[in-house]
Amino acid sequence: MRAASPAAAAVGGALRGGGERGSGGGPRMESSDLGGRQQGPIWHRKPSPAARRGVIVNIIHSVKGYHSKTIRFLNVAFDSSGDSLLAGDHQGNIYVFDLNGNRFNLVQRTMQACTALAFNLRRKTEFLVALADYSIKCFDIETKELVSWMRGHDSSVSSISVHGSGRYAITTSTDTAQLWDLDTFQRKRKLNVRQSVGIQKVFFLPLSNTILSCFKDNSVFAWEFDTLRCKYQLPTPVEGSVLLYKVFAVTRDGRIFVAGGKSNHLHLWCLESKQLIRIIQMPAKVRAVRHLEFLTDSFDGGSNQVLGVLSQDNIMRFINIETCKLLFDIGSHEEGISTAAISPNGRYIASVMANGSLNLYSVQALTQEGNKPPPPMFKAVEDSSKCTSEANKLMMRVTSGRSEWPWKSKGSKIQTRLLKLQVNTSLENKENELPGGLNKKRLRALLKGFGEYPAKYRTLSALAHWSAIFAETPYIPLLAFPFVKLFQNNQLICFEVVATVVVNFCQHWFEYFPNPPVNVLSMLENVLAHHDKELLQHLITYSVTSQVYAWPLLETLFSEVLTREEWLKVFDNIFSNHPSYFLMIVVAYIICSRAPLLHCNQTADFEYFFHHRNNLDINVVIKEAYHLMEATPPDIHPQHMLDDFIPLTKGQYPVFNKYPKFIVDYQTQEWERIRQDEIEYLRERQLAHELEAKAQEWKAEDEAWYRKQKLLKEAEEQKRKMLLEEEEKLVEQRQRLAAVKRELKVKELQFLDASRRRFLKYQQDQRQMELKRLDDEIARKVSMREQETAATVQDVEARRMELESQRQLFEQHLIKDQEAVTQEMKEEVDARQRKVDLEDRLVQRLMEIDREEKQKAQIVAEENLAKAEQKCIDTDWRLQVLHKLRRDDQDREKRYEEIAKLLHDNRVKEAELLKAMREAEEKKWEEVTQKKAQLEEEQKAAAAADEHRKWFLEDKMNDALELAEKLQSEDGYFERLRDLKARRTERGIELQQVPRSGNICLNDFSASESSSHMSLDRRREELACQERELMAEVRRLRQKLTSRARTRHPPTRFPATKWTP
């Protein structure tokens, strides 16, 4: 036990400190917390990136409050100068970092996460941001105002590419890509694809007007920007390639195009030749590429040589694409990188870290650090640019396209370059010493896939080298697992600890190989039977053997049922005691779990219990194990059956042969036999394939011979058919010749006929020309006669116009004379009117004086006068009615005579109805003439009647005045009335005499003339009404006569007809 204590203490200390890493005493990086500030300095003291692995400053955005949290940055973008940085977080805060002025400024709060940024527009103060609502917004960093809001995407925008002029931008989502005009912010074009294909990225090529579109089916198309015409498509990279393109990068000169995806391979395309020129294989730790970007150099003329590759392990490695050397890397497993952006001037690298912070790196400091020699302890895993030529040969291996990877290119030969880390060359000598139990091909596949053996397999490989049985033992990985986890940084200690455990705490385990250690399990069962018979009986009752309740704990070393802390505590006690204590721990664990075990009644429940963690106090188990160590009788105590702890020998490891060697040898022989059988099987299969190939070749030759014979027969039949066809063609040619002769004869006859027709047509044309000449002569004479007639008419018209002008001149003279006379008469009439008005005013004055005295006499006179006038009017209307009735009777008699005459004519001349109607029309015009004459007579009679009525009214007026004079003979009023009457009569005579003396006033009419005109108008209206009534009766009579004629002589019926086209 004394010899075991130092070793156990060393192992225990190693177990305690194996999982811890030194914090180191290096300088801490500069960190800047934006907090709630909207502007301020980025760093507070001058940074020294060389001392912090190139990190200038680490920027975080934390929010203080009841629940403090850190707001994660999502995207970064540099401007065209490379001295300003734009960053957006998942709450929509957009910051601008001025790296030269050491200032930051919060320029916008969009209130939603940004998915892409662009900061190289033509207007330097504007930037584009794609948001989570699938829209794109343009803001101004100086005014902090929204410039434009662009919509059109139905999914999240993943990238924004700006043209070199800064006037156009392409936004890409999974289902579409859209081209925008940044002057008008209007969408110009839209690229739609099938949903099954999908878009990876669409972007502008630098220094050209070419748009490159990359799709999810690995197709890459180049489009002309002006016409959007497809310029070319890159060919399929390689046959059988499983690399699916996810990320892309292009050099500044637009000549080299790099693509990567879920693989550690990178494809380099030359866009000028449209060929795949190189395939670069990254280190085996790289299993997928998440981001690619070229590092700009001011002196490379745009043909960038350094490529940044961000892989799935959140480390960004920078390699030279020509020499395939790993120059430097940024990020680590603890501080991984999510995405990164490189400034156009090549001075800065901005990376969004996995914890949401923002790191700003100095490229100059990184390149200086990459050129330094690495520390000695990392010689086996780190790259160095100043290695010896032999080391370079190990790090880089250039192979042809077919030697290592069976790929083919359709255009040219492909070079494949491998980036590998340095390995320990001393292990290469032991490669062929692996036992037969380990599959060498499988190990090579693992090495090829991962670049190195996993830690677990390195330990197992070392155990298999130490003893052949460990290559055949299935539970060795379970046994070594906890130590591999603890000593993952030191595989040598891990191997020695596992070997120590196997030698001391796994005694007698391999005596019954390949079965579990029945002897050890029996010892455990005896101890359990001694201390808890009830529990053992319960286990036996349900057929639960020690292989179910004890062996899982032994083969896994309690790693499945204990936590890390519990496991360390248990093995601290195991390593500090006799190896039998390990078995006592197993029994103590079972006894301490008796309560739940007694409730189990199914085998699956027991198996689950001993393969999963349980609610058990490990301190109680340790105490119980110590109790069992003391209380177990010596005859069943494992201490008497197990040896004491023996440390590993110095200088070389002890020989481990405590196992049935014949079984291992037998298995080895079986493995060898199986391998030989497999080789034989492969040889036979190869032979069978060769025989099958020969049979297929013979079959192909037979088929070719039969095919040839068939072709010969077909050729012979074809020749015969050709001869028959030639004969048929000869007959057809003869027939065609005869037909041609007939056609020639017919054409000759047609030609003669055509000649005759042309001659006849010539004669006809001559006669037509003669007739046309005569017609022209006649037309000329007619036109001359018409011209003479027109000249005569013009002379007559001129004479008429001359007479008309003389008449108008004469009328003007008459009008002037008439106007002079009228003016004189108007002056006389005005003078007389003034005199009459004066007399009227005098009379009016007298009448107003005498009105009250003579009112009664005036009323009587007016009544008598009204009665006389009414009687006169009644008498006149009676006379007019009688005269009208008499005239209507005369007209009616005339119409009856005319109707009888018309009826007689219609009965006599039914066949000449139209002629009779014409005659009737002529008679009607004659009748109209008669009526007009009669109308003139009636107008004369009406004028006479008007004169008579005027005379009658004057007579009656005189009688009324005389009667009034008789009634009031004594009154002086009537004397004045007589005077007024006399003066009025004299004035009327004078007025009647005035127009007679003029003899040229056309618009002055007397009262009698106006009354006569009114009567004449009424008479004309009556005659027109009677004429209309007469014509209506005539039409009715004609209709009756026509219907009567149709009944007597029905019309001839024609058969029904129908229009046809």
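Scanning the range 504-520 for residues that are surrounded by fewer than 20 Cβ atoms within 10 Å (Cβ to Cβ) and assigned to a helix (DSSP H, G or I) yields V518, N519. Taking the range 313-402 and the strands (runs of 3 or more DSSP E) fully enclosed by it, the elements with 1 or more residues that are modelled with pLDDT under 85 are at 396-399.
For every residue, the table says whether it meets (1) at pLDDT 85 or above; (2) over 30 Å from L463 (Cα atoms); (3) not polar (S, T, N, Q).
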{"site": "E672", "(1), (2), (3)": "no, no, yes"}
{"site": "Q686", "(1), (2), (3)": "yes, yes, no"}
{"site": "E748", "(1), (2), (3)": "yes, yes, yes"}
{"site": "A754", "(1), (2), (3)": "yes, yes, yes"}
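Criterion applied to L358, L327 was being surrounded by 18 or more Cβ atoms within 10 Å (Cβ to Cβ) and in contact with a helix residue (DSSP H, G or I) (Cβ under 6 Å, 6 or more places away or on another chain), and the one residue passing it is L327. Cβ-Cβ contacts under 6 Å between residues 6 or more apart (or on different chains), taken from a first residue in the range 344-358 that is within 16 Å of D33 (Cβ to Cβ) and not assigned by the TED database to the domain that holds N304 to a second residue that is at pLDDT 90 or above and open to solvent by 40 Å² or more (accessible area, probe 1.4 Å), are absent. The residue that is farthest from L486 (Cα to Cα), counting only those in the range 533-560 that are touching a Phe, Trp or Tyr at 6+ places or on another chain (Cβ under 7 Å) and open to solvent by less than 20 Å² (accessible area, probe 1.4 Å), is L539. Of the strands (runs of 3 or more DSSP E) lying entirely inside the range 66-184, those containing at least 1 residues that are more than 25 Å from the chain's Cα centre (by Cα), of a type in the set (D, E) and within 23 Å of A340 (Cα to Cα) are 84-89, 93-98, 126-131.
Within the range 267-284, if we keep just the residues that are touching a Gly at 6+ places or on another chain (Cβ under 6 Å) and not in a strand (DSSP E or B), the residue that is modelled with the highest pLDDT turns out to be P283. Per the conditions (1) modelled with pLDDT under 80; (2) over 30 Å from R1018 (Cα atoms), the sole criterion not satisfied by R878 is (2). Among the residues making up the range 151-188, those that are loosely packed, with under 14 Cβ neighbours inside 10 Å and either more than 13 Å from A130 (Cβ to Cβ) or outside the structural domain of L228 (by the TED database) (or both) are D154, S165, D181, D183, T184, Q186, K188.
In this structure, does N526 turn out to be out of contact with any helix residue (DSSP H, G or I) (no Cβ under 7 Å at 6 or more places or on another chain), at pLDDT 90 or above and within 19 Å of M584 (Cβ to Cβ)? Yes; evaluated as a whole, the condition is true for this residue.
Note on the range 803-835: residues that are open to solvent by less than 100 Å² (accessible area, probe 1.4 Å) and touching an Asp or Glu at 6+ places or on another chain (Cβ under 8 Å) total 0. Pick from P237, P206: which is modelled with pLDDT of 85 or more, surrounded by 15 or more Cβ atoms within 10 Å (Cβ to Cβ) and not in a strand (DSSP E or B)? Sole residue among the options that is modelled with pLDDT of 85 or more, surrounded by 15 or more Cβ atoms within 10 Å (Cβ to Cβ) and not in a strand (DSSP E or B): P206. Taking the listed residues R675, R742, R757, R685, the one that is surrounded by 10 or more Cβ atoms within 10 Å (Cβ to Cβ) and within 30 Å of F513 (Cα to Cα) is R675, with no other qualifying. Taking residues in the range 30-47 that are outside any loop (DSSP other than H, G, I, E, B), and partners anywhere that are open to solvent by 80 Å² or more (accessible area, probe 1.4 Å), the pairs with Cβ atoms closer than 7 Å and at least 6 places apart or on different chains are Q39/R103.
The values are calculated or read from the model by the stated rules, or taken from the named source; none is laboratory data. Just so you know, these numbers come straight off a predicted model, no measurement behind them. FYI the Cβ positions are ideal-geometry reconstructions off the backbone, even for glycines, and counts take in every protein chain you see. These accessible areas exclude ligands, DNA and RNA; they are computed on the full protein's heavy atoms, side chains included. Shrake-Rupley method; radii C 1.70, N 1.55, O 1.52, S 1.80 Å.
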